[in-house]
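Heads up, the thing below is written out as C-alpha cells.
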Amino acid sequence: MSDDSTPELRAGSREPGAQGPVPRAESAAPRAESAVSRAENPVLRAEGLVKTHRGEGAPAHAVRGVDLAVRRGEFVAVTGPSGAGKSTLLHLLGGLQRPDSGSIWLDGECADAWREARWAVERRKRIGIVFQFFNLVSDLSVADNVELPALLAGVPPKRARAERTELLAELGLAGKERSMPGELSGGEQQRVALARALVNRPPLLLADEPAGSLDSKGTREVMRLLSRFHQRGQTIVLVTHDARLASAADRVISFFDGRIADDATLDGGAPPRRGGISGVLELKD
Ligand SMILES: Nc1ncnc2c1ncn2[C@@H]1O[C@H](COP(=O)(O)OP(=O)(O)OP(=O)(O)O)[C@@H](O)[C@H]1O
Ligand SMILES: [Mg+2]
C-alpha cells in the first residue's frame, strides 16, 4: 500500500496549506546520538523554523523563526490570533509541510533530510495528529479507521484489534465499532480521531483545534480526554483558540505574527528559560 493511503496523510492533504515535499538536502546524515543522550532529549525540538507560503497573492510569512523544545510528558498549548501561523507551525512539526529553513529533531534525531515517505512512517509510529475536522475515512467503519494505522505500522491484526477495542472502550465508544463515521456525533467522531492518533502509542500527539468544530459538550469531552492522556505521560502539543482547552495545558505558548511572543508555565511549574547557544526554550530542568 502506498504511503498516500494512510489516513493521516489524506487528512494532511485536505488541510488548508498542506503542500508536497520541498526538496531538501538528502545527503545530510542524521546526527548520531548515544542511547543515554537520546533518553534526555526533548521529544521535539525545533530551531530557526521559517515558512513562507507563496500562493497567488502576496507571500504569507506564516512562521518567522521559531525555536522550541518540548519535553517528554509536557502538555503545551499554542494559542494566538487567526492567521498567526499556528497551523503552519504544527504542520511543520508533523512533517506535513517542509520549512524553508530551520531544523527539527524528534527524540534527538534530526529530521532535516527526511523525505515524505519517512515522515509518513513517523506519523504512524511516533507522531499522532488530530485535526479540527476529524478527517476520518468516511467509507471505513469506526473499528477500521482506528485499526488502519496500526496495521500499516506492521502491528499483527490480533494486537491491532485488541488495541482498538481497548482505546474505543476508554474513549466511551464501545458498541460503535461497526458504525460509519457519518453516523456519529461530532464529539464521537473526534474521539475516534483521537483513538486513531493514539493507537500506535506515539510519544507525541499534535492536535490542531481538535475542539474547533464541537459544541461545548464535545469540547469538554476532548479536554477531559487530553488531560487524562497527559496525566498518563502523553506529550501533547495543542493548537487552540479556546482558553478553556489551553488552561488544561501545563505550558502556554502565545504565537503572534509567526513568532513565539510568550512562553509561560501554568500551575507553578518551573519558568521557561532560554538555554544553549540558540536560545531554545526548555522547561522543567
Ligand atoms: N497554503 C497556503 N497558501 C498561502 N497562504 C497560506 C497557506 N496556508 C496558510 N497561509 C497563510 O499563512 C498565514 C498563517 O496561516 P495559519 O493557517 O498557519 O494560521 P493560524 O494561526 O492557524 O490561523 P487560524 O487560527 O485561523 O487557524 C495566514 O496568513 C494564511 O493566510
Ligand atoms: Mg489554524
Open item on the list: Here is a list: Ser227, Ser213. Which entry is over 14 Å from the mean Cα position of the chain (by Cα), surrounded by fewer than 20 Cβ atoms within 10 Å (Cβ to Cβ) and in a helix (DSSP H, G or I)?
Closed with: Ser227
Open item on the list: Quick test of your reading of the structure: Leu205 fulfils all but one of (1) in a helix (DSSP H, G or I); (2) surrounded by 19 or more Cβ atoms within 10 Å (Cβ to Cβ). Name the failing condition by number.
Closed with: (1)
- [ ] With the checklist (1) part of a loop (DSSP other than H, G, I, E, B); (2) within 12 Å of ligand 1 (Cβ to nearest atom); (3) of a type outside the set (D, E, K, R); (4) at pLDDT 95 or above in hand, flag the one item Gln132 doesn't pass.
- [x] (4)
Task: Filter pass, Pro203 being within 16 Å of ligand 1 (Cβ to nearest atom) and not polar (S, T, N, Q) - done: no
Task: Unique residue being within 9 Å of ligand 1 (Cβ to nearest atom) and either surrounded by fewer than 23 Cβ atoms within 10 Å (Cβ to Cβ) or at pLDDT below 95 (or both) when the list is Glu56, Glu47 - done: Glu56
TODO: Could you please tell me which pairs satisfy a Cβ distance under 7 Å, a separation of 6+ or placement on different chains, a first residue in region 77-96 that is touching a residue at least 40 places away in the same chain (Cβ under 8 Å), and a second residue that is of a type in the set (A, V, I, L, M) and near ligand 1 (Cβ under 6 Å from one of its atoms)?
DONE: Gly85/Ala62; Thr88/Ala62
- [ ] Tell me which residues, restricted to region 169-188, are assigned to a helix (DSSP H, G or I), modelled with pLDDT of 95 or more and touching a helix residue (DSSP H, G or I) at 6+ places or on another chain (Cβ under 7 Å).
- [x] Pro181
- [ ] Please list, ordered by first then second residue, the pairs with beta carbon atoms under 7 Å, 6 or more apart or interchain, first in region 108-128 and touching a residue at least 12 places away in the same chain (Cβ under 8 Å) and more than 13 Å from Leu204 (Cβ to Cβ), second hydrophobic (A, V, I, L, M, F, W, C) and part of a helix (DSSP H, G or I).
- [x] Ala120/Leu9
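Residues are listed down the side, and each one gets a yes or a no for (1) over 22 Å from the mean Cα position of the chain (by Cα); (2) within 20 Å of Arg228 (Cβ to Cβ):
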| residue | (1), (2) |
| --- | --- |
| Asp139 | yes, no |
| Leu151 | no, no |
| Arg161 | yes, no |
| Glu209 | no, yes |
Open item on the list: Looking at region 79-123 only, could you name the residues that are over 17 Å from the mean Cα position of the chain (by Cα), assigned to a loop (DSSP other than H, G, I, E, B) and among the polar types (S, T, N, Q)?
Closed with: Ser82
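The values are calculated or read from the model by the stated rules, or taken from the named source; none is laboratory data. Please read all numbers here as calculations on a predicted model, not as lab measurements. Cβ coordinates were reconstructed from backbone atoms using ideal geometry, including for glycine residues, and neighbour counts include every protein chain displayed.
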